[in-house]
Amino acid sequence: MTQSPFEPQEPAVNPMPPVVVALFLVLLGFEAMFALGQYGIIGGPNGIGWRNLMIEKFAFSDKVFDWMLTTGQFPAEHLIRFVTYPFVHATLTHGIMAMVIMLALGKIVAEALGTFAFLTIWIVSSVAGAAAYGLLTDDPRLLFGAYPPAYGMIGGFTYLMWVRLGALGAPQVRAFSLIGFLLGIQLLFSLLFGGDNSWIAEIAGFVTGFIGSVILVPGGMAQLIQKLRRD
């Protein structure tokens, strides 16, 4: 049966939740600005140093965090680093990889849990990632890039898969295949090319995303407790 051209057509691709699109455009906008400035297209001579300037100003600093804890002073200009560091990256490629994760898994999380839950997981995963980096390391290198909150999206996706596999009676450990694969790749690259302590922030982001999804899904905590009792 041929569908009439006047009948509504089903979209070839499911529409992306507006909150995911908006966040992607913000991340991409910063990268576009840095890239254009680097090549002198905008900003003149000052544009070349925009990326480094923004990293210095908005990346999370363990030294600054230690100073705040030691002195008991928490100025807004430094507290804001807990949520601004995901918006600056070392390179365009560094940023694109994080944006791909956010688009793919953020779409699933936003559609399943809603806009509020998506933003909550993003923000809290960012804060938790920075806090873990500051508390568990003594690394003078700055923390920046959207990977901790992107891993928060992986945590949310993992919880959704965990619930779905449980409903199907399938082994729920399979829900952790993605995070296991990513950590394995990360370990391999660290062994081959060297690495840093940013993986601590990413793991914290993942755990926060998983736990956050349990809390934000209606009845999620009850389902988890029931499952643990059965096991």
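What FRET efficiency do you get for VAL21 and ALA170 if R0 is 22 Å and r is their Cβ-Cβ distance, rounded to the nearest 0.05?
0.10
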Next item on the list: Go ahead and run the numbers for FRET between LEU192 and LEU69, Cβ-Cβ distance against an R0 of 41 Å, rounding to 0.05.
Entry: 0.70
Margin query: Could you tell me the extents of the stretch 44-113's C-alpha atoms along the three principal axes, largest first, rounded to whole Å?
Written below: 42, 39, 16
Note to self: Shape verdict for the chain, please, from the Cα gyration tensor: rounded (a/c under 1.5), prolate (a/b greater than b/c) or oblate.
What the structure shows: oblate
Margin query: Looking at the chain, identify the longest residue range that excludes and avoids all chymotrypsin sites (Phe, Trp or Tyr not before Pro) in DSSP loops having at most 12 other Cβ atoms within 10 Å.
Written below: 40-231
Next item on the list: Report the percentage of all Cα-Cα pairs in the stretch 82-149 whose separation exceeds 13 Å, rounded to a whole percent.
Entry: 65 percent
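For THR91 and THR115 in the same chain, what is the full-extension length gain: residue separation times 0.36 nm, less their Cα-Cα distance, in nm?
Result: 5.8 nm gained on full extension.
Can you figure out the FRET efficiency of ASP138 with TYR39, using R₀ = 30 Å and their beta-carbon distance, to the nearest 0.05?
0.20
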Check: Using a probe of 1.4 angstrom, how much of the accessible area of the chain is carbon and sulfur, in percent?
Finding: 69 percent
Note to self: Using only the Cα atoms of the stretch 121-213, what semi-axes does the equivalent ellipsoid have when each is the square root of 5 times a gyration tensor eigenvalue? Give whole Å, largest first.
What the structure shows: 26, 16, 8
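The values are calculated or read from the model by the stated rules, or taken from the named source; none is laboratory data. Because the structure is predicted, anything quoted here is derived from the model rather than measured. Ideal geometry is used to build each Cβ from the backbone, glycine not excepted, and the neighbour counts take in all protein chains shown. These accessible areas exclude ligands, DNA and RNA; they are computed on the full protein's heavy atoms, side chains included. Shrake-Rupley method; radii C 1.70, N 1.55, O 1.52, S 1.80 Å.
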